[in-house]
Amino acid sequence: MHSCPEKKSDWIGPAAHGGCFSALAALTVLTIVFTGCGRAFYRDQADREVAYLVEQTSTGTESVLPWFTIQPLPQSRMSAPGPPDCPPMPPDDPASHRYMKCVDGKRGWPYWDCYGHSPYVQNPCWRSYLPTDKDGVLVLDRKAAVQVSLLESREYQQELENLYLSALDVTYQRFRFDAQFFGGNDTFFAADGPDRSGVSSSELRTDTDLELRKLSATGGELVVGMANSLVWQFAGPDDYSGSTLLDFSLVQPLLRAGGRAVVLEQLTDAERALLANIRQMQRFRRAFYIQTVAGGGNVSGVSRGGVTIGSAGPTATLGGLFSLLSQQIQIRNRRANIAGLRDTHNRLEAFYEAERVSRLQVDQSRQGLYTSQTQLLRLLVSNQDRLDAYKIQLGLPPDIEVRIHDTLLDKFNFVSPKMTETRDYVAALLADMRENLPGENGANDRGGRADFNKQLAIALAKSQEQLKQTRKDYENLLRVLPERKKHLEKLSAREEVLDGDVDPGACSVKTLEARVALLRQDFLEGTGTDRPLDARLAETLSQLDKYIDKPSPPSEQLIELVEQLAGELLELSLVQARARLDAATLTPVNLGSREALEIARRYRRDWKNARAALVDTWRQIEVAANELESDLDIVFSGDMTTKNEHPFRFRGTTGRLRVGLEFDAPLTRLVERNAYRESLINYQRMRRTYYAYEDRVSQNLRATLRAMRQDQLDFEIRRTSVHIAIDQVNQAWLALSEPVKPGAQSGSNLGPTAAQDLVGALAGLLVAQDTILDIWVMNESRRMTLDLNLGTMRLDECGMWIDPVEFTFNEPLSAGRNADDDAPEQIPPPEPLSGT
């Protein structure tokens, strides 16, 4: 840290010099008069005035903003090193820096280094404030991402600064109507030679003037001044003369440039612009949340130039944290897909060795496995690139280690990550056992069984845990089943279903009940000939548990049991996917387009600004018309002076008063005429812009609601598609699992496309899972965007979205709630991150 340099001198105490206090006081006054106040004084003064203006303008129209500052918090990356008024010099380019020392052979200012140097452009300590975990990784969920963006986002900081500058414009316009004081002094000593004017002269002259100016709201300008002149003549006989003049002038326009409509126009513009920018900042703050969490949400920010008619509103897109969370689910889905393909390949390898399938089918399964692995690698790289871009969006450097973790989309882990991990572990164990079967001499390559005992115990524990989790998933499905039925009943009454545009089975309660019954049968009850998966898997785990403590090396029987476990785990993952799939829902939106438009008309801040912008353009007609009038001013002025021997003795006999009228006929008004006609045209253009804005808002809302209604049906259709894909995988897997029929030729129960069918079924399941995930995430983004475009979006004290759950706004419209009571409407400060 560097501080502003100060000149230090020895303190002179009262005992050291008589009258020192008076001298110091006089020195202080002279310093203030000649140099003005310090930088910090003016900065703090501006900050206080702006904070007061923002709070004052917010009161009574929008919820109060209790404070306002553009100073970043100390833990922010944007916090500048050094004092704010005397910042040290940042790192400079050496070749460019030499021109500060010498330019064009001329020595530069020697005090560029007086504030010191800083090797930093950003806050050097900001990383230490990040709430990282024990491994130094920044874990981001929705709340943490919003906190980081409020603290570090350059875009958000710039909007705050734009609002600050808009408030500064108001301070200047208010200042124009304040009493303004001006003063100065000129002191010169002049000496003339005798040949210049015939006599020698030397003279000391000091002229002092003070002036007050005041502009009234009607355009009258009052000027009061005092001028004092003191002259000392030193050549020849000493002579002294002094005089003082007091004068005033009052000019009041009666026609052109007069009247409150014209005189107060700039102040009115600035005040209305500040109010509009406060509203726009509040709208931007909400859109900023959407941009951080869901992507998109881009709206125009604060505009210093004045009130404008903005865009109709953002449309929902997939980005932000949602995009990263979606990619995480997609990565997990692909890993589950790879696990299924690996199981398929391992089984086909065993069938090939038993001469049950051809080599072609083994190669087809391997090719599908490699293709899926390549897609996974590409997705991982894409995820890292998108994560780096998201860091920069938040205001973080891309080298920060970040992990995205949020439970919002966990419901779309139809196959849990731990299930995939368990299947991968069992598949690796199975491959290891096959490679270490005893040779012909009875010895195995590993020389022992201890490792297999440990690995088998871990595999059994993991499998038991997944069996319990699947039971919980099934119980959760039963809990949400009543609400699912009610929702399907509403969807089945939609005209798209009744007209046959949508298969009624996708929205049928009976179909849902049949799926749940079949799931219960497959998982828990079984049929007369087939045992349920729950019992079969429990028995397999029980049989494998007997092998854990046996000292013998892997046997064919043990390997068959592990193969059976791998197959049953695949079935279990499909059961889990079916249970979780039918438990997932979309949040309903019960809102008509007309009702949505009326809500937006009442609550949208940018719509209020659009109305204000239209009136601002209309007001310019009156201002422009004023310029067409004549100049007619009342002038009232006077002055009073003194005699030389008494510079401060005023007498009425030395004064003068003037009263009169000044008139200028409007003989040439071509420029003013054109400006007036242009103001009329501009108003008509703004009218068209305004109702076009209304039309675009209506179109935007209708499109959003239409898309969300489509999402409800599309989600159910895609749900059915996922169920079909699961059934296809299950059937293809069962075909591979069927034993050879007695008396049949080797491999006769496996068709030539068995491998291709299973690979294709797994790929279809992957696509169906990704599609239904995209629909849910996009619908959630649309819900946020709809809330923003209605003007009803609320944020809590931490800047997080308060989810309305259902968009049923009958209460606000019927109860007459004040549109300005949408608390909280605050612009929250960037919260210190948790864990700092």
Item to check | Sequence-distant residues sharing a close amide H with D85 (under 5 Å, placed H) | outcome: none
Checklist outcome for this item: Packing-ranked peptide list from 719-727, 564-572, 540-548, highest mean Cβ count within 10 angstrom first, is 564-572, 719-727, 540-548
Item to check | Charge context of Y120, other residues only, Cβ under 14 angstrom, K/R +1, D/E -1 | outcome: +1
Checklist entry - For Y240, what accessible area in Å² do you get when you roll a 1.4 Å probe over the heavy atoms of the protein chains, rounding to the nearest 10? => result 100
Checklist entry - Around F248, what is the net charge, scoring Lys/Arg as +1 and Asp/Glu as -1 over all other residues with Cβ under 15 Å from its Cβ? => result -1
Checklist entry - Any idea what the dipole of the chain comes to, in debye rounded to 20, about its Cα centre with Lys/Arg Cβ at +1 and Asp/Glu Cβ at -1? => result 780
Checklist entry - Computed FRET efficiency, Cβ-Cβ of K546 and E465, R0 22 Å: what is it to the nearest 0.05? => result 0.65
Item to check | the chain: angle of helix 509-520 to the longest principal axis, Cα-based, in degrees nearest 10 | outcome: 60
Next on the checklist: More than 21 angstrom separation, counting every C-alpha pair in region 43-126; what % is that?
Outcome noted: 55
Item to check | Karplus-derived HN-Hα couplings along region 85-100 (A = 6.51, B = -1.76, C = 1.60, θ = phi - 60°), whole Hz, x at Gly and Pro | outcome: 8, 10, x, x, 5, x, x, 10, 6, x, 5, 6, 5, 5, 6, 7
Next on the checklist: If I model a spin label as a point 7 Å beyond the Cα along the Cα-Cβ vector, how far apart are those points for L245 and Q45 in nm?
Outcome noted: 3.0
Checklist entry - Based on DSSP H runs of at least 4 residues, each adding -39500 (n - 2.57), what is the mean residue ellipticity at 222 nm of the chain after dividing by all its residues, to the nearest 500 deg cm²/dmol? => result -18500 deg cm²/dmol
Item to check | Principal axis box of region 356-408, alpha-carbon based, largest edge first, Å | outcome: 58, 22, 14
Checklist entry - Considering every Cα-Cα pair within region 140-297, what fraction, in whole percent, is farther apart than 28 Å? => result 58
Next on the checklist: I'd like to check one number: the per residue accessible area of the chain, probe 1.4 Å, reported in Å² as a whole number.
Outcome noted: 52
Checklist outcome for this item: With +1 on the Cβ of every Lys and Arg and -1 on the Cβ of every Asp and Glu, the dipole magnitude of region 460-540 about its Cα centre, in debye rounded to the nearest 20, is 420
Item to check | Net charge of neighbours whose Cβ lies under 15 Å from the Cβ of G301, counting Lys and Arg as +1 and Asp and Glu as -1 | outcome: +3
Checklist entry - From the residues Q455, T317, A768, which one has its Cα farthest along the dipole of the chain in the positive direction, the dipole being from +1 and -1 charges on Cβ of Lys/Arg and Asp/Glu about the Cα centre? => result A768
Checklist outcome for this item: Label model pair E401, R531: point-to-point distance (7 angstrom along the Cα→beta-carbon line) in nm is 4.7
Checklist entry - Suppose R0 equals 22 Å; then what is the FRET efficiency for R688 and S311 from their Cβ-Cβ distance, rounded to the nearest 0.05? => result 0.90
Item to check | FRET efficiency, K472 to I392 (Cβ-Cβ, R0 60 Å, nearest 0.05) | outcome: 0.90
Next on the checklist: Given contacts defined as C-alpha pairs under 8 Å and at least six residues apart, what's the relative contact order of region 85-199, whole-number percent?
Outcome noted: 16
Item to check | Values of log10 I(q)/I(0), in the order q = 0.16, 0.18, 0.20, 0.26 Å⁻¹, for region 100-163 under a Debye, Cα-only, solvent-free model | outcome: -0.77, -0.85, -0.93, -1.14
Checklist entry - Whose amide H sits under 5 Å from the amide H of F650, counting only residues 5 or more places off or on another chain, with H placed in the peptide plane? => result none
Checklist entry - Between L264 and E421, 0.36 nm times their residue separation minus their Cα-Cα distance comes to what? => result 49.3 nm
Next on the checklist: Could you sort the peptides 782-794, 119-131 by per-residue average Cβ neighbour count (10 Å cutoff), highest mean leading?
Outcome noted: 782-794, 119-131
Checklist entry - Helix 20-35 sits at what angle to the longest principal axis of the chain, using alpha carbons and giving 0 to 90 degrees rounded to 10? => result 70
Checklist entry - Put +1 on the Cβ of every Lys and Arg and -1 on every Asp and Glu Cβ in the chain; which of L597, M433, F189 then has its Cα farthest towards the positive end of the dipole? => result L597
Checklist entry - For the chain, what % of the accessible area comes from carbon and sulfur atoms, probe 1.4 Å? => result 54
Checklist entry - Please report, for the Cα atoms of the chain, the Rg to one decimal and the Dmax as a whole number; what are they, in angstrom? => result 41.1, 148
Checklist outcome for this item: If the chain between S201 and D499 were fully extended at 0.36 nm per residue, the gain over the current Cα-Cα distance would be 96.2 nm
Checklist entry - For region 237-341, what is the convex hull (Cα atoms) projected area averaged across all directions, in square nanometres? => result 17.5
Checklist entry - With +1 on each Lys and Arg Cβ and -1 on each Asp and Glu Cβ, how big is the dipole of region 584-644 about its Cα centre, in debye rounded to the nearest 20? => result 680
Checklist entry - What length, rounded to one decimal in nm, is gained on full extension from F663 through to D92, with 0.36 nm per residue of separation minus their alpha-carbon distance? => result 199.5 nm
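The values are calculated or read from the model by the stated rules, or taken from the named source; none is laboratory data. Remember, predicted model here, so these are calculated numbers, not experimental data. Glycine also receives a Cβ, built like all others from the backbone with ideal geometry; neighbour counts cover every protein chain displayed. The accessibility values were calculated without ligands, DNA or RNA, using every heavy atom of the protein model including side chains. Shrake-Rupley method; radii C 1.70, N 1.55, O 1.52, S 1.80 Å.
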